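A quick write-up on the structure given underneath.
The values are calculated or read from the model by the stated rules, or taken from the named source; none is laboratory data. Predicted model, so just to flag it, every value in this text is computed and none were measured. Here the Cβ positions follow ideal geometry from the backbone for every residue, glycine too, while neighbour counts run over all protein chains shown.
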């Protein structure tokens, strides 16, 4: 090869490889953005799991309340206690709705334009973030 053909060949290689380098940089930047969103999603997920535990505890208290209504001797669960439990329940319902809407919004933001392999990758990254943010969640299951 003479010098002129060699330069053409080098230009050709640079021209052909440029899209791959550009795409690689774009994907890394997009993954960094999605990583921040995945951390937010994992945090919301942990909050949702904590709310679920609170709802189960509240349901157990309501069951106790119903059982105590059958016995006339137990005055612990008066009308005030029932009102207090209802207020706690309403707060939990509202907070659960807000968290659920937030989770759906962030999920849509992350997964909207991804193909199946990218979704699987994001799922595994999400599970990794959940294991970091709320490690006791999977230890119990």
Exercise for the section: Sort through 51, 137 and tell me the only one that's in contact with a helix residue (DSSP H, G or I) (Cβ under 6 Å, 6 or more places away or on another chain), in a helix (DSSP H, G or I) and at pLDDT below 90. Expected result: 137
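Condition test on residue 69, is it modelled with pLDDT under 90 and in a helix (DSSP H, G or I)?
Values: modelled with pLDDT under 90: yes; in a helix (DSSP H, G or I): yes.
Here the answer is yes, as residue 69 does meet what is asked.
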